[in-house]
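Working notes, structure below.
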Amino acid sequence: MSILKLAIQKKGRLSEKSIELINECAISFPNSTGKLVAKCYDFPMEILFLRDDDIPDYVQDGVADIGIVGENVAVESDKNVDDILKMGFGKCRLSLAVPRSFQYNSIQDLQGKSIATSYPKILKNYLDKHNIQAEIHVISGSVEIAPSIGLADAICDIVSTGSTLLSNGLKEVEQIFHSEAIIIGNKNLSEDKKVILDDFLFRLNAVRKAKKNKYILLNAPNASLDKIIQILPGIKSPTVLPLAENGWSSVHSVITEKDFWQIIQQLKEAGAEGILVMPIEQMID
Ligand code: PRP
Ligand code: ZN
């Protein structure tokens, strides 16, 4: 029996969300802190808890079969792995930032300056494209303090909420790369492992689709049914059931989060009452 080894970030921006998503796929594992490996109870998978920067390496070498990492980490590492799926969470950007007192007008202002970063490859690429010669200082953590200790004039680092920059007296001046969590995979997965991976991806897609949709229930006077059914997109057409009260029906359907409020408003105007909206756990085509 094969086991698919999935590497996730041990501690950091992506860890909690990664674990949450795996659990929502009805895959559970003992989650005690400090552990390196956990075997899933109900799915042929093993979770490896690693430093995010190490994940692409381990996936390339087959120590892990697949991994959840930020695109920023995957691209910077430049390893020979497959990009399998964008996860839709962990969105952030890699940006250039300078001290608030720095009079910044354009990228030209960084000509000849020094920039601290953990992303030298992506940064170099960007600077080359804009014909900027700058001195790149590679540091692996706490990049945001570099200007204040006189190590660099600017930094290039991940910005998510922006609070790290703010609390270090820095301002974002250029966004150079947009990132989100992705699944990367080893290039030579065995057939057995591919089967497990497909099952995992199938579950992930069902969970993600469910999150984007809501189950809606409402009561409608029969006279308004046609109008209400037209408003509801549904997967096919909505389910309509007669209510005990004469002349009324119950309507069930699925709506996307995107047009949610607009649809609710239209339904109310069309005469819908007692509208109930519920989360969906899984959605399978
Ligand atoms: C990044 C970056 C900042 C923080 C920015 O680290 O280095 O510390 O996130 O987030 P904010 O804009 O919300 O304040 P990351 O989580 O990628 O971790 P790592 O580089 O230590 O792996
Ligand atoms: Zn990291």
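The values are calculated or read from the model by the stated rules, or taken from the named source; none is laboratory data. Keep in mind it's a predicted model, so treat the numbers as computed, not measured. Backbone-built Cβ (ideal geometry, glycine too); neighbour counts: all protein chains shown.
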Original post:
In the range 107-120, what count of residues is obtained for those that are under 22 Å from residue 145 (Cβ atoms) and either among the hydrophobic types (A, V, I, L, M, F, W, C) or within 32 Å of the chain's Cα centre (by Cα) (or both)?
Top reply: 8
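Evaluate the range 21-37: report whether one residue or more is in a strand (DSSP E or B) and either in contact with a strand residue (DSSP E or B) (Cβ under 7 Å, 6 or more places away or on another chain) or in the same structural domain as residue 156 (by TED's automatic domain parsing) (or both).
Within the range 21-37 (the criterion being in a strand (DSSP E or B) and either in contact with a strand residue (DSSP E or B) (Cβ under 7 Å, 6 or more places away or on another chain) or in the same structural domain as residue 156 (by TED's automatic domain parsing) (or both)), the answer is yes, since at least one residue qualifies.
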Original post:
Only one of (1) crowded, with 17+ Cβ neighbours inside 10 Å; (2) assigned to a helix (DSSP H, G or I); (3) out of contact with any helix residue (DSSP H, G or I) (no Cβ under 7 Å at 6 or more places or on another chain); (4) modelled with pLDDT of 95 or more is not met by residue 166, so which one is it?
Top reply: (1)
**OP:** Find all pairs meeting these conditions: Cβ atoms under 7 angstrom apart; at least six residues apart or on different chains; first residue within the range 3-19 and without any contact (Cβ under 8 Å) to a residue 60 or more places away in the chain; second residue among the polar types (S, T, N, Q) and more than 12 Å from ligand 2 (Cβ to nearest atom).
**Re:** 19/31
Original post:
If you go through the range 92-106 one residue at a time, do you hit one that is surrounded by fewer than 20 Cβ atoms within 10 Å (Cβ to Cβ), more than 26 Å from the chain's Cα centre (by Cα), away from ligand 2 (no atom under 16 Å from the Cβ) and part of a helix (DSSP H, G or I)?
Top reply: no
Original post:
Given the range 205-269, what strands (runs of 3 or more DSSP E) lie entirely inside it while holding 3 or more residues that are in contact (Cβ under 8 Å) with a residue 24 or more places away in the chain?
Top reply: 213-221, 248-256
**OP:** Report yes if residue 220 is exposed (fewer than 12 other Cβ atoms within 10 Å of the Cβ) and farther than 30 Å from residue 22 by Cα, otherwise no.
**Re:** no
Subject >> Residue ID - farthest from ligand 2 (Cβ to nearest atom), chosen from residues in the range 42-73 that are assigned to a loop (DSSP other than H, G, I, E, B) and free of Cβ contacts under 8 Å to residues at least 60 places away in the same chain >> reply: 42
Subject >> Criterion (among the basic types (Lys, Arg) and over 21 Å from the mean Cα position of the chain (by Cα)) met by exactly one of 39, 10, 17 >> reply: 39
